[in-house]
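Note sheet for the following structure.
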Amino acid sequence: MSAATLSYEVFVNDPPQKADAPLLPNGEPKGGSPVASTLIYGAEDAVLTDPAFTTEQAQALGDWVAAKDRNITEIYITHGHGDHWFAAGVLAERFGARVIATAGSIEQMHANVAARPLLWDKAYAGLIPPSPVTAETVPGNRFTLEGHELVIVEVGHSDTDDTTVLHIPDIELVVSGDVIYNGAHLYLGESVLVGGLDPWRSAIDTVAALEPRHIVCGHQNKRNDDDADRTIAETRQYLDYADELLQTEPTAVAFFNAMIERYPDHLARTVLWASANALYGVRNHPDEEVREIILAGWL
Ligand SMILES: [Zn+2]
């Protein structure tokens, strides 16, 4: 059974709300970032990407997927950050799908599970289901959906190590995980582990070379379109502006405020604050453990 063409649709899960959330420097409660899941489908089968992380999100996404009436063959995870996949086991079981990722991402997934008690279960107590790492690799980083090729492209470090995008050449689509963002603040915190933002710029260049028309970003404002040229350009500009501010702004709060002034409509200011804490924390405390500074920036 081979479909003439594939289609895709996107479901954006809003971040979980917390009644007792601590506050950001501007007084608003901490939250998270919306997480986008993509359903790529043919006549009968479908592949789902990055199925978010709380039990509630898994339920909402699962109900949306079920209404599409397709057989879910694979759930693809773009990278190891827990907010993209801690709910994968719940969805895999519901739909009888296998979970796939690269060997590098699988290693990062294990690291994110190890960080649950230090980070995720502190920030989102009781909201995240069990998250065993069941992902497997596929030979040659390729798999098919009704005869159409889905290509896993490893792009190295973007907002974390060992990140990937999923390229579907037949429909000129890239599912970009956290390599390209769309209307939400980028997470820059882990750039302190790799000497700055240039590895991320290289990752963007790799995506641009695929010449997609459409990009579904892992974090996006659901009101935005998925134009590839715009989202690539805006992600590059954000990185450049962050580098500028790192030269001119003396403190994390000043960096935070300047970014909000430049990007007043961007979602996920909690992510911006975590970035600022990591960037300035490492600068101001060169003798402290970098990974502890990064984690503390979220709490
Ligand atoms: Zn992310």
Dividing the alpha-carbon radius of gyration of the stretch 162-269 by 2.2 N^0.38 Å, where N counts its residues, gives 1.08
Treating each Cα of the stretch 254-299 as an identical point scatterer and ignoring solvent, apply the Debye formula and state log10 I(q)/I(0) at q = 0.19, 0.25 Å⁻¹. -0.58, -0.84
Kirkwood Rh over Cα pairs of the stretch 144-201 into Stokes-Einstein at 10 °C, 1.306 mPa s: D in µm²/s? 127 µm²/s
Angstrom value of the Kirkwood radius, inverse mean 1/r, which spans all Cα pairs in the chain: 19.3 Å
Sort V290, V35 by heavy-atom solvent-accessible area, probe 1.4 angstrom, most to least. V290, V35
Cut-off 10 angstrom, C-alpha nodes, Gaussian network model of the chain. Which of D83, D159, D205 fluctuates the most? D205
Per residue, what accessible area does the stretch 132-259 have, given a 1.4 Å probe and all protein chains present, in Å²? 39 Å²
Among A125, A268, A46, whose mean-square fluctuation peaks in a Gaussian network model of the chain (Cα, cutoff 10 Å)? A125
Which one, T49, G80, F95, projects farthest toward the positive side of the charge dipole computed for the chain from Cβ point charges (K/R +1, D/E -1)? F95
Pick from H157, H148, H285: which is most flexible by mean-square fluctuation in a GNM of the chain where alpha carbon atoms under 10 Å apart are linked? H285
Got a number for carbon plus sulfur as a percent of the stretch 46-109's accessible area, 1.4 Å probe? 45 percent
Which aspartates and glutamates, if any, have their Cα less than 14 Å from the Cα of K122, not counting same-chain residues under 8 positions apart? D20, D83
Quick check: at a probe of 1.4 Å, how many percent of the accessible area of the stretch 194-299 sits on carbon and sulfur atoms? 47 percent
Just how much of D63 is accessible, in Å², when a 1.4 Å probe is used and the result is rounded to the nearest 10? 80 Å²
Over the stretch 65-114, with the other protein chains present, what is the accessible area per residue in square angstrom, probe 1.4 angstrom? 35 Å²
For the stretch 18-177, what is the Kirkwood estimate of the hydrodynamic radius, computed as the reciprocal of the mean inverse distance between distinct Cα atoms, to one decimal in Å? 16.3 Å
For the chain, size of Cβ-based charge dipole, Lys and Arg +1, Asp and Glu -1, in debye: 540 debye
Note, the stretch 117-127: 3J(HN,Hα) by Karplus (6.51, -1.76, 1.60, θ = phi - 60°), whole Hz, Gly/Pro = x, goes x, 8, 9, 4, 6, 7, 6, 10, 4, x, 9
If you build the convex hull over the alpha carbons only and average its shadow over all orientations, what do you get for the stretch 117-156? Give it in nm² to one decimal. 5.2 nm²
Rounded to one decimal in Å, the inverse mean reciprocal Cα-Cα distance for the stretch 90-139, i.e. its Kirkwood radius, is 12.1 Å
In cubic angstrom per residue, the convex hull of the stretch 105-181 built on its Cα atoms measures 133 Å³
Are there GluC sites (Glu not before Pro) in the stretch 1-57 that DSSP puts in a loop and that have at most 13 other Cβ atoms within 10 Å, and which ones? E44
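The values are calculated or read from the model by the stated rules, or taken from the named source; none is laboratory data. Owing to the predicted nature of the structure, the values given are computational and were not obtained by experimental measurement. We place every Cβ from the backbone using ideal geometry, glycine too, and count neighbours over all the protein chains shown. Side chains included, ligands, DNA and RNA excluded: accessible areas come from the protein's heavy atoms. Shrake-Rupley method; radii C 1.70, N 1.55, O 1.52, S 1.80 Å.
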